[in-house]
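Structure record follows, encoded as structure tokens.
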Amino acid sequence: MKLSFSLIIPVFNRPDEIRELLESLLHQSYDKSYEIVIVEDGSAITSKNVIEDYKEKLNITYLFKNNTGPGDSRNYGMQRASGNYFIILDSDCIIPANYLENAAVSLDTKYVDCFGGPDAAHHTFSDVQKAINYAMTSFFTTGGIRGNKKIVDKFQPRSFNMGISKKAFEASGGFGNIHPGEDPDLSMRLWEKGYETKLIREAYVYHKRRISFKKFFLQVKKFGMVRPILNIWHPGSSRIFYWFPSLFCLGFIISIVLLIIGEGIYKWPGILYAVYFTFIFLDALLKNKNLLVALLAIIAVIIQFLGYGYGFLKSVILVNFSKSKPQEIFPELFFKQV
């Protein structure tokens, strides 16, 4: 199959991010033509002026639509793209120079109709962003659960860095209206239709993610809230390790209580948690070569587990013991599609 890439990038009130992303695309080593489709999702602060600066340097299609969320915006862009293989990127990504070349080589070697790539922290990121990136990608946190093929039976691409063929998009109907969670939902629907997914480790991006711990907490809480809904939508997708953050948080609280009221053997749970966080500190220090980032990584990991664990436990209870539909219980997780 001769690949023709269309890069699909939804954006909402983030022209500065689009500028950084487009600037990084100027330096691609890929020697074939490709299309960039930017979908403005009802932004009040548009990227129009930024696009004007790059339209002579890059093959850009600029689309504007009403605000219906990132999933629907990606669908909107793919429906209007000219390529036969879509690469979906978030607007807060910076793309390494060999990204498209690595993706093309991997697909030529072993073709699949859907792939995902990892993310990394760019040297220009803030210390908080680097700490959050560590928490989201480390093997020793939920990043290991999500991204390690030895733990999960199939790799679920994430929509900040994801490729899907036109054929698979048309067969699946693309993304649903849940957000977050639209990407694992699409992956599971593709599997149900017999399509294969894979991880291309060399096709990584620099992903900024959230710029503050408060926004990070709200984000991971939503991740936790979404998972029980997906487990109901896709019977058989539930895994015991999805409970890990909730159990980790409950154990953490119990260990603190035992440290306060107990002695001797009652201190061992707290000691085990201290050992774990020490290990997180040392691992983050080794990877980032920055003492402050290593300290912030401990905070990021705690926030990650607390946010996800709380959201997951809350959703499990409400979704399974309420007579209401998930859309009625958690309306903030669903966009209205048009």
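Bear in mind that the values in this text are calculations on the coordinates, not laboratory data. Note that the coordinates shown come from a computational prediction; the quantities given were computed from them, not determined experimentally. Note that each Cβ is placed from the backbone with ideal geometry, even for glycine, and that neighbours are counted across all protein chains shown.
Which of the trypsin sites (Lys or Arg not before Pro) across segment 293-338 are loop residues per DSSP, with 15 or fewer other Cβ within 10 Å? Each step should come with its number before you reach the end.
Details: sites: LYS314, LYS323, LYS336; in loops: LYS323, LYS336.
Here the sparse-neighbourhood loop sites are LYS323, LYS336.
Multiply the residue gap between SER29 and ARG201 by 0.36 nm, knock off their C-alpha separation, and tell me the result in nm, one decimal place.
Additional length available on full extension: 60.2 nm.
Calculate, for THR109 and SER82, the FRET efficiency according to 1/(1 + (r/R0)^6) with r their C-beta to C-beta distance and R0 41 Å; round to the nearest 0.05.
The calculated FRET efficiency here is 0.95.
What Rg and what Dmax come out for segment 61-218 when only alpha-carbon atoms are used, in angstroms?
15.5, 42
On a 0 to 90° scale, report how tilted helix 291-321 is relative to the longest principal axis of the chain, with both axes built from alpha carbons and the result rounded to the nearest 10.
90
What is segment 230-330 by shape, rounded, prolate or oblate, if you read a ≥ b ≥ c off the alpha carbon gyration tensor as root eigenvalues and call it rounded for a/c under 1.5, prolate for a/b larger than b/c, and oblate otherwise?
Oblate shape, in that a/c is at least 1.5 and b/c is the bigger or equal ratio.
Give me the lysines in straight-line cross-link reach of LYS2: C-alpha distance below 25 Å, same-chain residues under 8 apart excluded.
Those lysines meeting the cut-off are LYS32, LYS57, LYS110, LYS166, LYS167, LYS193, LYS198.
Return the percentage of antiparallel bridges among DSSP beta bridges fully within segment 107-234, rounded to the nearest 5 %. Can you show the working numbers first?
Numbers: 4 of 9 bridges.
In segment 107-234, approximately 45 percent of DSSP beta bridges are antiparallel ones.
Check which residues have an amide H placed less than 5 Å from ILE8's amide H, if you skip close sequence neighbours.
Under 5 Å from the amide H of ILE8 lie the amide H atoms of VAL37, ILE87, ILE88, LEU89, each far enough along the sequence or on another chain.
Report ³J(HN,Hα) in whole Hz for each residue of segment 180-191, in order, from the Karplus equation J = 6.51 cos²θ - 1.76 cosθ + 1.60 where θ = phi - 60°; Gly and Pro get x.
So the J values, rounded to whole Hz, are x, x, 5, 7, x, 4, 5, 4, 5, 5, 5, 4.
Compute the angle between helix 213-233 and the longest alpha-carbon principal axis of the chain, please, reported from 0 to 90 degrees and rounded to the nearest 10.
On a 0 to 90 degree scale, this one is about 80.
Roughly how many nanometres apart are two label points built 7 Å out from the Cα toward the Cβ at LEU250 and SER324?
My value for the distance between the label points is 2.4 nm.
Can you classify segment 1-84 as rounded, prolate or oblate using the Cα gyration tensor, where a ≥ b ≥ c are the square roots of its eigenvalues, rounded means a/c under 1.5, and otherwise it's prolate if a/b beats b/c and oblate if not?
oblate
Measuring from a point 7 Å past the Cα of TRP268 along Cα-to-C-beta, which residues in segment 233-259 have an amide N at less than 18 Å?
251-259
Tell me whether segment 240-284 comes out rounded, prolate or oblate; compute the Cα gyration tensor, take square roots of the eigenvalues as a ≥ b ≥ c, and use a/c under 1.5 as the rounded threshold.
oblate
Let me confirm the definition first: pairs of Lys residues in segment 264-338, 8 or more apart or on different chains, C-alpha distance under 24 Å. How many are there?
5
Relative to the Cα centre, what is the charge dipole magnitude of segment 202-277, using +1 at the beta carbon of each Lys and Arg, -1 at the beta carbon of each Asp and Glu, and rounding to the nearest 20 debye?
It comes to approximately 480 debye.
If the cut-off is a Cα-Cα distance under 17 Å, which aspartates and glutamates reach LYS55, setting aside same-chain residues fewer than 8 apart in sequence?
ASP16, GLU17, GLU20, GLU23, GLU35, GLU40
In degrees between 0 and 90, to the nearest 10, how far off the longest principal axis of the chain does helix 127-137 point, with axes built from Cα atoms?
Compared with the principal axis, the helix lies near 90 degrees.
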